[in-house]
Amino acid sequence: MLQSAKEFVLDTVFPKFCAGCRGEGTWLCEKCLAEIVFVQSPTCPNCQKLTPKGQFCSRCRSKSNLTGIISACHWREGPLRGLVHMYKYEGIRELADILAAFLIWQLKKNPIGKNTVVMAVPLHWKRQNVRGFNQAQLLAANVATYFNLDLLENALVRTKWTRPQVELKGQQRKTNVRGVFACRNSKKIINNKNILLVDDVATTAATLQEAAKVLRAAGARQVWGVVLAKG
Ligand SMILES: [Zn+2]
Ligand SMILES: [Zn+2]
């Protein structure tokens, strides 16, 4: 097939290579896609008991502002980690389409209820300026488009600059994110809504829980974390 001039130039100057095996021509080859382990049996994010969609089980629910965490894949060494790294730190935004497809695949397994809206875990504006984009926002936008749901932008903001969670351990992560989120002029649009709160990877649930706390205080009925993988 004849390539367009634009495609030819882009492929020559910015050749695609597989995030798993570095083979040329695609961001993810079929062989490496087959290595990614998708979540078939969701579990309670706290105690790993089997639960529908990955909601918190009846014993763990009282300690959680999140309703549950819908996780697309298992976080293993290999192509998924490669994809996330290339997307987040090398800034290859095209990968949002592939990664969002993982989320959509998992979300499609259950009907999406009425009054559901989509939002992304916000970055602090300084970090967003450095990175050039909010990796969670592009994923959230893809999800919202696919399911024809409203995407709430700027309803939740990050008001404090914090150290990256990856540099910290368990309890420190909770302390690090405490009080960092705020809802802006958004009580009306959040009230009574079921929120799909998208992030890339939830290493611990600390960030999602902190955001959920603020959203619940603004009247959200359910807040589901939606992530590529749990750490
Ligand atoms: Zn490959
Ligand atoms: Zn549990």
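The values are calculated or read from the model by the stated rules, or taken from the named source; none is laboratory data. Source: prediction; values computed, not measured. Neighbour counts are summed over all protein chains in view; Cβ atoms, including those assigned to glycine, are modelled from backbone coordinates with ideal geometry.
The table for this structure:
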{"read-out": "Residue that is nearest to ligand 2 (Cβ to nearest atom), among those in the stretch 27-48 that are under 20 Å from the mean Cα position of the chain (by Cα) and not in a loop (DSSP other than H, G, I, E, B)", "value": "43"}
{"read-out": "Single match in 42, 79 (criterion: closer than 24 Å to residue 142 by Cα and touching an Asp or Glu at 6+ places or on another chain (Cβ under 6 Å))", "value": "79"}
{"read-out": "Given (1) away from ligand 2 (no atom under 16 Å from the Cβ); (2) closer than 30 Å to residue 192 by Cβ, number of the condition residue 51 does not satisfy", "value": "(1)"}
{"read-out": "Test for residue 29: is it surrounded by 15 or more Cβ atoms within 10 Å (Cβ to Cβ) and either at pLDDT 95 or above or among the hydrophobic types (A, V, I, L, M, F, W, C) (or both)", "value": "yes"}
{"read-out": "Any chance residue 81 is within 16 Å of the chain's Cα centre (by Cα), within 16 Å of ligand 1 (Cβ to nearest atom) and over 25 Å from residue 215 (Cα atoms)", "value": "yes"}
{"read-out": "Subset tally (residues that are within 16 Å of ligand 2 (Cβ to nearest atom) and either within 21 Å of residue 215 (Cβ to Cβ) or surrounded by 12 or more Cβ atoms within 10 Å (Cβ to Cβ) (or both)) for the stretch 54-78", "value": "16"}
{"read-out": "Helices (runs of 4 or more DSSP H) within the stretch 73-156 that include 2 or more residues at pLDDT 90 or above", "value": "79-88, 95-107, 135-147"}
{"read-out": "Test: residue in the stretch 71-84 that is within 25 Å of residue 104 (Cβ to Cβ) and without any contact (Cβ under 8 Å) to a residue 12 or more places away in the chain", "value": "yes"}
